[in-house]
Each structure stands twice: as structure tokens, then as C-alpha cells.
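Below: one structure, written as C-alpha cells.
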Amino acid sequence: MTESHGAVAEHSEHSPHLRHHFDSMEQQFDSATLGMWVFLLTEIMFFGGMFGAYTVYRSLYPDAFASTSLHMNPAFGAANTAVLIVSSLTMALAVRSARLGSQKAIQIFLILTMIFGIAFLVIKGFEYHEHWVDNKVPLFPTQWHHWDYSNDAEHPHQAQYAKQAQILFCFYFFMTGFHALHMLVGVGIMITILMMARRGIFSHQYFTPVEISGLYWHFVDIVWIFLFPLLYLIGNARKLI
Amino acid sequence: MSTVLQDPHISEKPNYLNAEYGWKSWLFTKDHKRIAVLYIISITVMFFIGGIFAGLIRTELLTPQGDLVNSDTYNKFFTMHGIVMVFFFLIPSIPATLGNFFLPMQIGAKDLAFPRINLLSWYIYIAGAAFALAAIVMGGVDTGWTFYTPFSSTYSNTFVITAAVGVFIAGFSSILTGLNFIVTVHKMRAPGMTWGRLPLFVWANYATSLIQVLGTPVVAITLALVGLERAFHIGIFDPAIGGDPILFQHMFWFYSHPAVYIMILPGMGVISELVTCFSRKGIFGYPFIAGSSLGIAIIGFLVWGHHMFVTGMSMYASLYFSLLTMLVAVPSAIKVFNWTATMFRGSISYETPMLYAFGFIGLFTIGGLTGLFLATLGVDVHVTDTYFVVAHFHYVMVGGMVLAYMGGLHFWWPKITGRMYPEGWAKFAALLVFAGFNLTFFPQFITGYLGQPRRYHAYAPEFQVLNVMSTAGASVLGLGYVIPLIYFLWSMKYGPKAGNNPWGATGLEWQTTSPPPTFNFEETPIVTQEAYAYADQGEHVHEGSSK
Amino acid sequence: MHEVPSVRTYVTVWATLTILTFVTYYVAQIDLGPWNIVVALIIAFFKMSLVIFFFMNLKAESALTKLFAAGGFFWMILLLGQFFVDYVSRSWMPGGKMW
């Protein structure tokens, strides 16, 4: 499998990271980044499908959705947004360190990013727990029967509202759930990159894995940037807790 | 016209097949050509499984009464036939097999951009297929391959989640293949291989890859929502709690309509290769064929509502989708005109690949035109959910896509294996396929138009004669598929050895040995010619006589 | 492509994003009727652009990459828009309503 190279590529002075089917490190890097952008495009459509369905139901049941939104805690949502934004900063700084070949800095920033990512997941977990305690988790019908509307705005059709609210809560859990899943994967990716960084393999010549992991992480941040207003801030003139 | 070298030294030359031996060298390969072979084997297996279900359907439909099986079992037959054929044969077929093998070679590259992701894509396909087969073995699914809610999400008692998981996983395989192709075509073309010199097979696979990447994630999330709904007994698509089943259909068809273009576009790419080679003539209107591939890919995302005219969707939306569906026929028609113009005053020969190409052009045209019948709102109200629709899509999928696949397989067989298939048997099988296909599906246009509904295990007695003809045709068609399976396998050991370019075709893949070496080319090719430069080969293109 | 943006740029972008998050949070308290969500989404769109152009370095990428990024976003709009071709027009028919 190796002898048919023939006169194809001179192996004299290229990086040990150059894969055989590429002609240059630049081609390899360009391909990797384009590949990650194309993958993110698929992620846009994945979340986009959910956003689409969410938007349809929101336009069908504006009142039920608005009143249900009162059961979200926007303080948590805003905190999570801030946490994710910081993690994007540290990730960007990690990529920057990789380009500069600073092994130590890469590791520090990656660890910081992971800490913020995990903080996000912890806050999210706390939120989910609150919903569970309040009997707002639609995944288990036994929970749903205890829904209490007495604190909500006028709702002449309780049963109907309950059903429509259930749909919103489904979307809340699915959208934040898939997002959290992507974050978990992101943390896993960062652990891998961290281990690579500890072996000192990144340099200004080769930092592709850090770069494309960064793209992934920022994308997950962008999804949340949209999820926050759409799920937490529906309804007018809300008294924010 | 086919030149076959009998040089006994060819098999000793190192190529991708004999470079390494052993199961590990295949299952851990990064060579796109080996991965293509893995895919050929897998999708062939799935094809025959889907074919068995087709046989069961046609057997039941020999008689007007539902007497072979009950309706629930029959529902499982057509569901499994659809799921297996659509998601595990048609969608991957040409891109994962011929595309994987030849796209890098045609652009002068040593491999795809991401060889390991290519292998991963195959493993993911196998995982998806395992789930689908598990669903079958455990008892099947009866929702139709379209998984309409709330039946699939709430009321069906079959293994919907298992099947949906299988399709979800297979979707990832499709996405990764598409992603790989897109990056490869952008970043790994050989020097001189400009976009304007790309073989049209590459253009076709590129356009297909765009669809795969943009559409598949939406069906993934749709099926995920159905699965979650089933698992947790909640209702996103359940009307009883305010869910909208039509929303499911919008989300499902947003992908599944472009999916049919995933299926047909690579086939059209193959036809461009066949028609030029076997007419010894450059393609007529290269920019139009390339552009129409992109046009189909884009407009294909704007027409899905034509599957939903009678569901309760708004009439204005129906008008919108009807108009755009008529529009999407235009780029397809452009291709048919251009292939015909290519053949005009060409030097046509009738080897098996060309027979399949002729079959494609005729049958795809019929299928496509009947699509326009269905796009017409008033007509659709009468023929939707009848056998007219079934006949329409089988004409484009089987008469079109499968014939293109067979044609491509025959055309490139000598390159893939280094052996020629037996031409006589191949021609015979091609004729069986053509005859059997028409006998199977033309009567269905008639019965459908007269009112025989689809997905029913019984029908009105006056349709029996036509149904019996259809079943008879299916038997002939099946034979037409089995014969190539046999002679292809036979040829790998006993077929005459093929030279580098038995067809005298243009294209970089023919400049290297049959089978090719692992890294495709001894030296990176430098491209100076336009695509399909048959005129430069010194052939007399105006004689018009077959050789 | 291999240029290295400055730490200052990144921190400025981060600060802007954080401020915009608080703006989003507090604007939601003011009653703007149906414009609440419009404002929130516009701010979100702007935040996304900052992340894409600076953190993801799209500013320095090739036109091709920009095309794919824009195309993805556009395709999602195409999905949403065409869903609403149906849902919005249901009420146009006599006696028809959205739901």
C-alpha cells in the first residue's frame, strides 16, 4: 500500500502531520476547516428543523406559550448565556494560543473553556431539577396532572392551555436537551484536544484540531444565543424574577 | 469496440485489490476504492432484501381479495420495502459506490478529503442497517416508509422507534458522504482540473452532496421527535392535544422530496458519462447539464408540498408548491434534450451500458412527465394515493435510477475489478430488466388512474388482469437482477482481464490501470483537455454507424 | 488565514456580547407588544454575527466559506418561510383559520 507513491510526493521536508492524500499542509488545513463549516451547516439545519416546528407552534398558540414562559427562570437563562459567551472567549483564546504554538496557554484556555461548559451544564441540570419539582416535565404524564394555572393570566380554557403548554415544554426540553448533548460532546472533544496539547503536538504549522473544535464550540454557543430569547423571554412586560 | 487486453502480467501489477490481503485490510481500510466495494456489497444485500418484500407485495396482489396475508402484515410488507429501498439502497447507492470509487479519480486526487470519515460513513451505514433489519426481524413496522403521524407516533403497535433509529443513523452516513464529496471537489482537484472541465458525474455528485448536507438533518430531527413522542407518550404531532400532524409531513417531506433528487442526480451523472462514451461525442451543452444539476438541487427544496395537496394544507400553499414543481421539471428536461442532442450524429454503439442509458432516458422521461400530471392540482386530487403515484415513482426510481446504477456498474466494472463481464448475458439481462420493468409498472399507471388505491392488500376485481401482468413483470424483472449478480461474481474469477481503457473513454480514471493502484495515479495528472474530448481522439464522429 | 487576531479584539467582542445579553434581558421587561420578540431576535442575530465573524474568524476566511455559512443560515430561513406559506395562508380562505 505504500510503494505506489512513485513520484507523487516528495517526502523530504513536510510536516509529520501531513496526510498522504494531501499535497500541502495548507490544503489539509483548508479542507479541514471547510469540512467543519459544512458540518456546522448540517447542524444549522438540524436545530433549524426544531426551530421551525417551535415557531409554528408558537404562532399557533401565542397565549399558551407566553403564559408558560412565566415558568421559566430567565435569570438562569441569562446566566447560562453569559457563561457560554465567556467559554467562547476562552475557546477563541485557546485557538489563538494554538496558532502561536504556546502549549501551556492552549491547555489553560481549554481547561477554562471546559470549566465554563460544565458550569453551563450544572446550571441547566439545576433548572431541569426545578422543573421536575414543579411537575413541569411533560415526558412523564404523571407529572402533568399537577399543573397549576392559578397564578397565570386569564385562562378560560384550562385544559386546552395545558395541552398547548405541554407542547411548549416538550420543545423546551428537546431543544435545550439536544443543545446540552452537543455541549457534552464538545466537552469530550476538548478533553481529546487537551490530551493532544499535553503531548505538545500543536504548533503554528499544525493546529487544525484546535481550530475546528473551536468552530464547533462557537456554533453550540450560537444555538444557545437564539434559544435564550426564544424559550425564556416570550410574553410581554414580564415581571422577571 | 471494446478492447480487452489479455496481458497475463496485469494481475501481477500492484493495485488496490492485491495491495493487502486479509479482513483487517478491508475493514480498517482508508482507501476510497475499497470502501466503495464494501458499500457495493452492503447495498446489494439490502437491495435484495427490499426486493423480497416487493415480491411479497406482488404475490399478495395476484388476487383481488386480501387472502395471502391480513392487512396489518401487508402494511408491514410495503413499509419494509419502502424503508429498505429508499434509505438503505437508493439514497446511498451511486454516491457511496460509484461516487466513492470514481469521484477522486475523475478529479485526479489520491483519495477523498477525509478517508477515515469515509470509512466511518460505511460503519454508520451498517449500524443503521442493523437497526432496520432488527426492526424487520422483531416483527416489522407498518406505518409506511413515510411514518405519518399520529399513527407512527401514537397508535402503531410495531417497532417504529427501532426503524426510525435505523433511518436516523443511516442519515448520518449520507451526511458524511456528502460532506466528504463537497470538500474534495472544492479542495482536491488536480492541476488544470477547473470546474469547467469536471466530468458531469462529478457535478452530479456535488449537487447531490449539497442536498444530502442541507436536507438530511431535518428528517433526522423529525424522526427523533417521533421517536421521543412514542417513547414518552407526549404529543407534538398528536391532534388530540393540539399537535399538528401536517407539521410532521412538512418536516418529513422537506427532506424526503429533495431525497428523491439525491437518488436521481447521480444517476443522471452516470448517463452523461455513458452517452458521451458510447456516442463517441462530447456532451452537448456542458454548462447546461452542470447548471441544471445545481438547479435541480436548489429548486428541489421548494416543492415538497406536492406530497400534501390533499392533507388539509392551505390551498394557497398548494398553488405555490404546484407551480414550483412544474418548474423543477425544466432542468431535468434540459438534461434529456442535451443527452439526445449528444447522441445526434454520434457514432453510437450498443454495449450494455448504453442499453441501460437508452432505457434510462426513455423511462425517466415517462416517469418525469407523469410527475407533471401529479403536480397539477386538479389531477392530483384524483390520482394521489393510487397506483398512479406508485407507477410514477417506480418509473423514475427503478426505470431511472436503478438502470443508471446498472449502466454505471457495467461501464466501470472493468476498472473496479480488472475483469470484463460477459457481454451477451449482460445484454440479455438488460433486456429482461427493461421488459420486466415495463410489464410490472405500466399496468399500474392504468389501474391507478382507474382508481386502485395504493397500500391496500385488496382491490376491486376488475383490476385483477392488470395486477397479474404486473406481478408477472416483477418476476421477469427479478430475474433480470439476479442474472447480473451471478455473472458479476463469475467474472471476478473467470472474466477476461480488462485493459486500462476497454471502452476508449475519456476521463482520468481510464488513464490508470484496471484495477487502479492504491493511490490512483503514478504521478499527479495535469489536466489540459476539456471533458469528453472524444473528437480529439480522431474518431469519425459523423459516420453515425454503430461499431 | 494564519493571521492571529489580538487578545484585545477577542475581549472587546466578549464584552459586547455580554452587554448585549443584559440588554436582551432587560428589554424583555419593557412592554413592546409584538416587537419584543423582534428586538430580541435582532439582538441575537447581531450577537451571532459577532461570534461568527470574530470568534469563528469568518472575517478572514475565503469567500467560499462565507458562502457556505450564509447558505446554511439562508436554508434554515427557507425551511421556516415555506412552513409559513402554509400556516399563514390557511386563514385567507373563507372560513379558514390557522388552526
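Rounded, prolate or oblate: pick one for the protein assembly as shown, where a ≥ b ≥ c are the square roots of the eigenvalues of its C-alpha gyration tensor, a/c under 1.5 means rounded, and failing that, prolate if a/b is larger than b/c, else oblate. Mind showing how you got there, number by number?
Working: a/c = 2.04, a/b = 1.24, b/c = 1.65.
Since a/c reaches 1.5 but b/c is at least a/b, the shape of the protein assembly as shown is classed as oblate.
Amide H contacts of B:ARG419: B:ALA498, each under 5 Å away and 5 or more positions distant or on a separate chain (H built 1.01 Å from N in the peptide plane; Pro and chain starts excluded). Karplus-based coupling profile of the stretch A:85-93, in residue order and whole Hz: 5, 4, 5, 5, 4, 5, 5, 4, 5, with θ = phi - 60° in 6.51 cos²θ - 1.76 cosθ + 1.60 and x standing for Gly or Pro. Only Cα sites of chain B enter the Debye sum here, all with the same form factor; the resulting log10 I(q)/I(0) across q = 0.06, 0.11 1/Å is -0.28, -0.97, listed in q order. Cross-link partners of A:LYS124 among lysines, defined as those whose alpha carbon lies under 17 angstrom from its own and excluding same-chain residues fewer than eight positions apart: A:LYS136.
Helix-only mean residue ellipticity at 222 nm, the protein assembly as shown, DSSP H runs n ≥ 4 weighted -39,500 (n - 2.57), per residue, nearest 500. What is it?
On the way: 26 runs with 566 residues, N = 887.
Computed ellipticity for the protein assembly as shown at 222 nm equals -22000 deg cm²/dmol.
For B:THR386, the residues 5 or more places off, or on other chains, whose built amide H falls under 5 Å of its own are B:ARG454. Under 5 Å between amide hydrogens, built in the peptide plane, is the criterion, and for B:GLY282 it picks out B:TYR534, B:ALA535 among residues at least 5 positions away or on other chains. Gyration tensor analysis over the Cα atoms of the stretch A:23-232 returns equivalent ellipsoid semi-axes of 40, 17, 12 Å (largest first, whole Å). Look at the dipole of the protein assembly as shown built from charges on Cβ: of A:HIS129, B:PRO331, A:MET91, the Cα furthest out on the positive end belongs to A:MET91.
Looking at the square roots a ≥ b ≥ c of the eigenvalues of the Cα gyration tensor of the stretch B:403-547, which shape do they give, rounded for a/c under 1.5, prolate if a/b is larger than b/c, or oblate? Before the final figure, lay out the partial values.
Details: a/c = 2.81, a/b = 2.20, b/c = 1.28.
Note, shape of the stretch B:403-547 comes out prolate.
What separates the Cα centres of the stretch A:161-223 and the stretch B:130-157 is a distance of 32 Å. Shown is the FRET efficiency for C:ALA60 and B:GLU423, computed with R0 = 56 Å from the Cβ-Cβ distance and rounded to the nearest 0.05: 0.50.
Highest average first, the peptides A:181-189, B:401-409 ordered by how many other beta carbon atoms sit within 10 Å of their residues are B:401-409, A:181-189.
Where a number appears in this text, it was derived from the coordinates with a stated rule and is not lab data. Values in this document were obtained by computation on a predicted structure and should not be read as measured data. Quick reminder, even Gly has a Cβ in these numbers, built from the backbone with ideal geometry, and neighbours come from all protein chains shown.
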